[in-house]
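Okay, so here's the structure we're looking at.
The values are calculated or read from the model by the stated rules, or taken from the named source; none is laboratory data. Being a predicted model, the structure only gives us computed values, none of them experimental. Every residue, glycine as well, gets a Cβ built from its backbone with ideal geometry; the counts of neighbours run over all protein chains shown.
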Amino acid sequence: MARVVVVGGGYAGLMAAFRAAREKRAEVTLVDPKPVFVQRIRLHERLAGGRPETIPYPRLLARARVRFVQGRADELDIARQEVGVGGERLGYDQLVLALGSRTAPAVPGVSEHALTLDLAEGDADPLAEAARRWPALAARGGRALVVGGGLSGLETASELAERWPGLRVTLLTRAPLGEGDYRPGAVRYLRRRFEELGVAVESGVAVRAMEAGSAVLADGSRRGFHVAIWAGGMQPSPLPRQWGLPIDGDGRVRVEPTLQVAGHPGLWVAGDAAAAPAPGGVARLSCQAALPMGAHVGDQLARLARGASPRPFRFGFTLSCVSLGRRAGLAHLLNADDSPAATYFTGRWGAFVKEAVCRMTTTVLKLEARGVRAYHWKPATPAAPALAEAA
Ligand SMILES: Cc1cc2nc3c(=O)[nH]c(=O)nc-3n(C[C@H](O)[C@H](O)[C@H](O)COP(=O)(O)OP(=O)(O)OC[C@H]3O[C@@H](n4cnc5c(N)ncnc54)[C@H](O)[C@@H]3O)c2cc1C
C-alpha cells in the first residue's frame with residue numbers, strides 16, 4: 001500500500017485526497033488544524049453575519065476512506081519521508097502540500113487593528129465573533145473600513161453594506177475600482193453598484209499603517225473606523241520556504257509541469273502554495289486553479305499506483321465571479337490566460353452565476369468524496385496565449 005499524506009484540507013488538498021483514494025492500493029491521510037472544512041470563498045459572508053455551510057472533515061473524508069489527522073504540520077524531513085504534526089511523525093511515500101495562503105499583513109498594525117479574511121485554526125471563529133458587533137454598530141451609524149480593491153475587498157464591502165444598511169462602509173483601493181481586471185462596461189457597473197449600496201469608494205490611495213481606530217494613508221491623512229477589514233492581498237504559506245523547498249519571487253513553490261518538486265518525485269504541491277504553469281505564466285492564487293491542481297495531483301498519484309507515469313498539468317481560466325451583496329454580482333468570462341473576455345453578466349444574473357459557482361464547489365467535493373468524478377476543467381496549455389498572438 002502506498003502511503004499518501006495530504007497536508008491541508010482546502011479545495012486543493014481535499015480534491016487531491018479524494019482522487020488519490022480512488023486507487024485502492026493507496027492509503028490516504030489528510031492533515032488540517034481545523035475540525036471542519038470551511039468555505040474560504042464565502043468568508044466575507046461569514047464576516048457579515050451569514051452562516052455558510054461547513055462540513056466536519058471526519059464525515060466528509062470517511063466516505064472516501066481517507067484518514068483525518070487534526071493538527072498543524074510543522075516539520076518536514078524529506079530524507080526520511082516524514083511530516084511532523086505536533087510532535088507526531090507521519091511517514092509517507094507520496095506527500096501533497098496543499099497549504100494554501102493567508103492575507104499578507106503588508107503594513108504595520110494589520111494584525112493588531114484589523115480583521116482579515118483568513119481560515120482560523122482549531123475551533124476558533126474570529127469572523128463569526130466579529131459579526132456579533134454589526135447590529136449595534138449599524139444601529140448607531142458606525143464605520144466599517146475595508147482596505148483592498150481585489151475580489152475579497154469588493155465582496156466584503158458590498159456584503160456589509162447590503163446586510164447592514166445603517167453601517168457607513170468605506171472602501172480604500174490603490175488602483176481605480178476593477179480597472180484592468182474587467183471590461184470597461186463591467187467596471188462602470190461596479191461603480192454604479194457601490195453607489196447604489198452607499199459604499200464610499202476612495203481609489204488611488206495607499207495605506208501606510210493601521211492604528212487603533214484609524215488607517216494612516218501615504219500622504220499622512222487618516223481614515224477613522226470602528227471596525228477595519230484588511231483585504232490587501234494574499235501570500236502563500238511560509239512553511240515550504242522554511243523547509244528549504246525551491247520558492248519563486250512570490251513565495252510559491254516552484255514545481256515541474258506535473259506539479260512535482262524537481263528532484264523529489266514523491267513531493268507534490270497544489271493550490272495557492274504552488275507556482276503552477278498556466279497560459280501566460282503562473283496560475284494566480286484562486287479556488288479556480290486550486291481545485292484542478294488538486295484533482296490533477298490526485299489523478300497522477302492514482303496513475304503512479306497503477307504503474308503509469310505522471311502527466312503535465314494543463315489549465316486555463318474561464319470565469320471571474322464577484323458577489324456584490326446577495327442580490328447582485330458580476331460574472332465575467334475570462335480568456336485562458338486570465339484576461340477579461342468580451343462577455344459578462346451583472347446584477348441578478350451575476351449573483352445567480354456566482355452563487356451557482358460557490359455551490360458547485362461544495363457539491364463537487366461531496367460527490368468526489370463518494371467516488372464520482374464530478375469535477376472537470378478547461379485543459380488549456382501554457383503555450384496557448386503565445387499561439388493566439390502569433391495568429
Ligand atoms: C473572501 C474570499 C473570497 C474568495 N473568492 C474566490 C473566488 O470567487 N474565486 C476564486 O477562484 N478564489 C477565491 N478566493 C481565493 C481562494 O479562496 C483561494 O485561492 C483558495 O482557497 C486556495 O485553495 P487552497 O486549497 O490552495 O488553499 P486554502 O483554501 O487556503 O486551504 C489550505 C488549507 O491548508 C490548511 N493548512 C494551512 N497550514 C497548514 C499546516 N501547517 N498543516 C496542516 N494544514 C494546514 C488550512 O487550514 C486550509 O484548510 C477567495 C478568497 C477569499 C478570502
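D248 falls short on exactly one of the conditions (1) assigned by TED's automatic domain parsing to the domain that holds L267; (2) at positive phi; (3) not aliphatic (A, V, I, L, M), and that condition is (2).
Within the range 189-216, the residues that satisfy the criterion of being part of a strand (DSSP E or B) and without any contact (Cβ under 8 Å) to a residue 24 or more places away in the chain are S214, V216. Give just the number: which of (1) in contact with a Gly (Cβ under 9 Å, 6 or more places away or on another chain); (2) under 16 Å from G49 (Cα atoms); (3) aliphatic (A, V, I, L, M) does A124 not satisfy? For A124, the failing item is (1). In a residue-by-residue description of the range 133-147, the property of being under 19 Å from the mean Cα position of the chain (by Cα) and at pLDDT 95 or above applies to at least one position.
Just one of (1) buried (at least 24 other Cβ atoms within 10 Å of the Cβ); (2) touching a Pro at 6+ places or on another chain (Cβ under 8 Å) fails for G329. It is (2).
Checking each residue in the range 6-50 for being part of a strand (DSSP E or B), more than 10 Å from the ligand (Cβ to nearest atom) and not charged (D, E, K, R) picks out A26, V28, T29.
Conditions tested, residue by residue: (1) modelled with pLDDT of 95 or more; (2) closer than 30 Å to G148 by Cβ; (3) not in a loop (DSSP other than H, G, I, E, B).
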| site | (1), (2), (3) |
| --- | --- |
| E75 | yes, no, yes |
| R80 | yes, no, no |
| V83 | yes, no, yes |
| L90 | yes, no, yes |
| L95 | yes, no, yes |
| V107 | yes, yes, no |
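Candidates G13, G9: the one that is touching an Asp or Glu at 6+ places or on another chain (Cβ under 6 Å), farther than 24 Å from A351 by Cα and touching a residue at least 24 places away in the same chain (Cβ under 8 Å) is G9. With respect to being out of contact with any helix residue (DSSP H, G or I) (no Cβ under 6 Å at 6 or more places or on another chain) and away from the ligand (no atom under 11 Å from the Cβ), D125 fits the description. For the range 240-247, state whether one or more residues are within 30 Å of L267 (Cα to Cα) and at pLDDT below 95. No: the range 240-247 contains no residue that is within 30 Å of L267 (Cα to Cα) and at pLDDT below 95. Which of (1) buried (at least 20 other Cβ atoms within 10 Å of the Cβ); (2) of a type in the set (A, V, I, L, M); (3) closer than 24 Å to V28 by Cα is the odd one out, the single condition A262 does not satisfy? Evaluating A262 over (1) buried (at least 20 other Cβ atoms within 10 Å of the Cβ); (2) of a type in the set (A, V, I, L, M); (3) closer than 24 Å to V28 by Cα leaves (1) as the failure. Taking the listed residues R284, R241, the one that is under 15 Å from the mean Cα position of the chain (by Cα) and within 14 Å of the ligand (Cβ to nearest atom) is R284, with no other qualifying. In the range 86-119, what count of residues is obtained for those that are closer than 20 Å to Q70 by Cα, touching a residue at least 40 places away in the same chain (Cβ under 8 Å) and loosely packed, with under 15 Cβ neighbours inside 10 Å? Qualifying residue count, the range 86-119: 1.
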